[in-house]
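Enquirer: One structure follows; several queries about it will come next.
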Amino acid sequence: MRRQASCSMTNTWNLEDECEEVKVIVKNSGLWPAVDSSNIEHDRVTVSAFCERFYGETDTMLFPFSEMTITPDDAHQILGLEVEGKAVSEGFDDDFSFKDINKLRHKLFGWNQIETESILEKKDGRLSRKFNLKKLRDTFCDTKKIFDKEGRVNPVRINATASGYLLYVLGKCIFPDSSGSLVDASYMQLLDPLDKMHEYSWGTAMVAFLNNELTKGSRALTAFGYMSTSLLW
């Protein structure tokens with residue numbers, strides 16, 4: 001809830017600060033409706049009430065009058081995300097290794113290994129498989145300034161900024177990390193190639209992710225309730 005209240009892409013990484021070539025790639029990716037919707041205000045109390053009533057066994061919210069569920073069509077009607085297309089799980093490798101990260105990082109971002117490691121989050125002194133969103137943004141933002149100064153932007157930088165922005169969108173709007181500041185490096189697989197991203201069923205993927213996270217939350221609340229009851233007893 002806290003994360004969602006401050007996820008506005010306009011405030012965190014405004015696309016208007018990027019050159020036209022980057023804008024075209026982003027708006028053709030299929031994710032632009034989610035970026036646009038990130039600026040919409042919502043009633044936090046109502047959303048919290050829905051979350052509290054979520055039942056993970058059936059992916060529904062239980063109310064005295066009946067049950068309700070979130071469907072891919074809701075993602076399409078409310079957020080404008082497409083539900084037709086291939087599943088994001090198609091060809092997706094859950095065991096994305098550092099070797100795989102290094103394979104894609106040069107293609108998407110033009111990074112060398114040192115640059116890649118500077119963006120990866122460190123945990124207990126060891127590199128994790130998650131990129132720091134703020135570092136990702138600071139590395140690639142403001143291509144419009146480059147264009148205004150030089151009259152053009154290097155194609156490699158255009159591709160890198162578009163890739164960085166879309167990975168940022170995945171981490172902020174589609175598959176947000178519980179910390180709100182990281183994005184799983186394995187999502188780079190969904191950026192390759194950039195011109196095929198619109199073929200994914202982003203609405204279905206978002207709903208599936210949401211239900212999974214709500215299930216985790218409901219289990220945590222159940223466990224917390226059990227522990228509280230035990231302690232009080």
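The values are calculated or read from the model by the stated rules, or taken from the named source; none is laboratory data. Source: prediction; values computed, not measured. Every residue, glycine as well, gets a Cβ built from its backbone with ideal geometry; the counts of neighbours run over all protein chains shown. Heads up: the accessible areas ignore ligands, DNA and RNA and are worked out on the full protein's heavy atoms, side chains in. Shrake-Rupley method; radii C 1.70, N 1.55, O 1.52, S 1.80 Å.
Enquirer: Every residue in segment 121-134 that is out of contact with any Ser or Thr (no Cβ under 7 Å at 6 or more places or on another chain) and at pLDDT 85 or above, please.
Expert: Across segment 121-134, the qualifying residues are LYS130, PHE131.
Enquirer: Could I ask something else about it? Please verify whether THR161 is among the polar types (S, T, N, Q), touching an Asp or Glu at 6+ places or on another chain (Cβ under 9 Å) and under 29 Å from SER8 (Cβ atoms), treating the condition exactly as stated. Steps first, answer last, please.
Expert: On the way: among the polar types (S, T, N, Q): yes; touching an Asp or Glu at 6+ places or on another chain (Cβ under 9 Å): yes; under 29 Å from SER8 (Cβ atoms): yes.
Here the answer is yes, as THR161 does meet what is asked.
Enquirer: Another question, if that's okay. So which of VAL153, VAL169 ends up being assigned to a loop (DSSP other than H, G, I, E, B) and surrounded by 19 or more Cβ atoms within 10 Å (Cβ to Cβ)?
Expert: Numbers: VAL169 fails: assigned to a loop (DSSP other than H, G, I, E, B).
Going through VAL153, VAL169 in turn, the sole match is VAL153.
Enquirer: Let me ask something else about it. What is the one condition in (1) open to solvent by 60 Å² or more (accessible area, probe 1.4 Å); (2) part of a loop (DSSP other than H, G, I, E, B); (3) touching a helix residue (DSSP H, G or I) at 6+ places or on another chain (Cβ under 8 Å) that GLU21 does not satisfy?
Expert: Looking at each condition in turn, GLU21 falls short on (2).
Enquirer: Right, another one. Restricting attention to segment 68-106, report how many residues are exposed (fewer than 12 other Cβ atoms within 10 Å of the Cβ) and more than 21 Å from the chain's Cα centre (by Cα).
Expert: Within segment 68-106, residues that are exposed (fewer than 12 other Cβ atoms within 10 Å of the Cβ) and more than 21 Å from the chain's Cα centre (by Cα) number 1.
Results for (1) out of contact with any Asp or Glu (no Cβ under 6 Å at 6 or more places or on another chain); (2) under 21 Å from CYS173 (Cβ atoms); (3) modelled with pLDDT under 90, shown as yes or no for each residue.
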position: ALA49; (1), (2), (3): yes, no, yes
position: GLU52; (1), (2), (3): yes, no, yes
position: ASP73; (1), (2), (3): yes, yes, no
position: VAL88; (1), (2), (3): yes, yes, no
position: ASP95; (1), (2), (3): yes, no, yes
position: PHE98; (1), (2), (3): yes, no, yes
position: TRP111; (1), (2), (3): yes, no, yes
position: ILE114; (1), (2), (3): yes, no, yes
position: ILE119; (1), (2), (3): yes, yes, yes
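Enquirer: Among all residue pairs at least 6 apart or on different chains, which show Cβ distances below 9 Å where the first residue, located in segment 44-62, is touching a residue at least 60 places away in the same chain (Cβ under 8 Å) and exposed (fewer than 15 other Cβ atoms within 10 Å of the Cβ) and the second is among the hydrophobic types (A, V, I, L, M, F, W, C) and in a helix (DSSP H, G or I)?
Expert: Pairs found: GLU52/LEU221.
Enquirer: For segment 10-29, check the following and say yes or no: at least one residue is modelled with pLDDT under 85 and not β-branched (Val, Ile, Thr).
Expert: So in segment 10-29, the residues modelled with pLDDT under 85 come out as 10-11.
Then drop every residue that is not not β-branched (Val, Ile, Thr), which leaves 11.
Checked segment 10-29: at least one residue is modelled with pLDDT under 85 and not β-branched (Val, Ile, Thr).
Enquirer: Cβ contacts < 8 Å: first residue more than 17 Å from LEU191 (Cα to Cα), restricted to segment 76-95; second residue open to solvent by 80 Å² or more (accessible area, probe 1.4 Å) and at pLDDT below 90, any location; separation 6+ or different chain. Result?
Expert: As it stands, the answer is GLY80/ASP36, since those pairs meet every condition given.
Enquirer: All but one of (1) over 18 Å from SER89 (Cβ atoms); (2) more than 9 Å from the chain's Cα centre (by Cα); (3) acidic (Asp, Glu) hold for ASP177; which doesn't?
Expert: The single condition ASP177 does not satisfy is (2).
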